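Take a look at the structure below.
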Amino acid sequence: MQQYALCEHSNAPTKPWEAVTMGLFDRLGERAASSAAPAAPSAPEPGSVEAIAAGNVTLLQFLRRESGRIPNRAYILARTIAQHLDDVVADPSAHLLDVGSRITLERMATTHLPDTINAYLAARTMPDADELLVEQLATLEVAASKAAARSIEAARDAFLIQGSFLEDKYGSFHV
């Protein structure tokens, strides 16, 4: 059996494995102390693509919860709106949309569509409530569809502008 030397310091490790474990626990303690108070996750900036994405996640959760309480056609329209919002968020050029359009899309997910469905739920015994809900959601769907198309157009325009810039800057440059 191997003998281990005694150290002159009372808290110093006397065996090789003690040095490893003490070092590990020291590092874990430092890591725990440095992350003892994690920062609260910040909300995305209003009007950002991230805010649209976060609003759409909340919207989809809301739609799942309320799916059995609204007419099927209204549910399909609401999911189509959410899909248009997803299309905008997934488009790498979505940040090129003007801030007003991005805020409108965010509010569509966080306020306008849920408020429309909640108003219907409060008044669904009213005659023609189902038809009114479908009409209102159809209006939102057209707006969401146009916003998704604008995002694609913005990407195309940015690409064409970049091409014009490069041609102006380097078109006459010959090697």
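Annotations for the structure displayed:
- Selected from HIS112, HIS95, SER145, residue furthest toward positive end of dipole (region 49-151; charges at beta carbon): HIS112
- Accessible area ranking (1.4 Å probe, heavy atoms, ligands and nucleic acids excluded), largest first, for PHE62, PHE165, PHE159: PHE159, PHE165, PHE62.
- Working note: Karplus 6.51/-1.76/1.60 with θ = phi - 60° gives region 66-79 the couplings 9, 4, x, 9, 10, x, 4, 4, 5, 4, 4, 5, 5, 5 Hz, where Gly and Pro are set to x.
- Taking all Cα pairs closer than 8 Å and separated by 6 or more residues, the relative contact order of region 49-99 comes to 54 percent.
- Our estimate of slack between ALA90 and TYR170, defined as 0.36 nm per intervening residue step minus the Cα-Cα distance, is 25.6 nm.
- Highest-first arrangement of 116-127, 91-102, where packing means the average Cβ count within 10 Å: 91-102, 116-127
The values are calculated or read from the model by the stated rules, or taken from the named source; none is laboratory data. Bear in mind that the values here come from a model prediction, so they are computed numbers and not experimental data. Cβ atoms come from the backbone with ideal geometry, glycine included; neighbour counts cover every protein chain shown. Surface areas here come from the heavy atoms of the whole protein model, side chains and all, with no ligands, DNA or RNA. Shrake-Rupley method; radii C 1.70, N 1.55, O 1.52, S 1.80 Å.
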